[in-house]
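Below is one structure, written out as structure tokens; comments come after it.
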Amino acid sequence: MLTAAFPGSFDPPTLGHLNIIERAVRIFDELLVVVAENRQKKYLFSAEERVSMMRALVEPWNNVSVALCDSLIVDFIKKRNVRILLRGVRDVWDFSYEFELSLMNKALASSIETIFMTTDPEYFILRSSAIKELASFHGDVSGMVPSLVAEALRNKYTKGGLSPKF
Ligand code: ADP
């Protein structure tokens, strides 16, 4: 069984993240999406909201599961016997950051391999931070995120809260 972990903030999940997931499930037997909770970072969506959105989005695949991690990703996945870390790369700036991160993870856990998947050109411009900014100005994000995320963003920025679903 070949299992990979796909960690990220997913604040919120975008069509770019889903594209990576969709392509990864065709390569790996199982995929564990790891929603990272880093106490140093400020998120728009709480960890529970991000996990719950991601769980709803990966429902169509029975070989994808979602977990929340508030510790070191490499320790977290090692405990679950996962040895592959999957990361998406949009451009050279992403690559430079991801490359350094992969070296740091290698130093922390030499048995874990990082694998990079390049973005599908269609999703090249999708970035959670830019999408949040656009949504905060009530811009149309419907072509960038799944509809449940678009609704969650609308609720965040118009009502100051999420729909009871999340
Ligand atoms: P992080 O805070 O860990 O970078 P993100 O949620 O921003 O979390 O991203 C999670 C992973 O998905 C990262 O590897 C990132 O490079 C990748 N990613 C984000 N957006 C895209 C996209 N549009 N296409 C491909 N990969 C992406």
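Each reported figure results from applying straightforward, stated rules to the coordinates on display, with no laboratory input. It should be emphasised that the depicted structure is a prediction, and the values quoted were computed from it without experimental measurement. Here the Cβ is made from the backbone with ideal geometry for all residues, glycine too, and neighbour counts use every protein chain on show.
Distance from the alpha carbon centroid of the range 79-131 to that of the range 1-54 works out to 12 angstrom. Residues considered: K156, K41, K78. Largest GNM mean-square fluctuation over the chain, using C-alpha springs under 10 Å, is found at K41. Over the C-alpha trace of the chain, radius of gyration and Dmax come out as 15.6, 46 angstrom. Go ahead and set up a Gaussian network model of the chain, Cα springs under 10 Å, then flag whichever of A36, A67, A109 fluctuates most. Looking only at A36, A67, A109, the largest GNM fluctuation is found for A109.
In terms of Cα atoms, the Rg and Dmax of the range 1-74 work out to 11.9, 36 Å.
Modelled this way, with points 7 Å down the Cα-to-C-beta line, the labels at R26 and S71 are 3.6 nm from one another.
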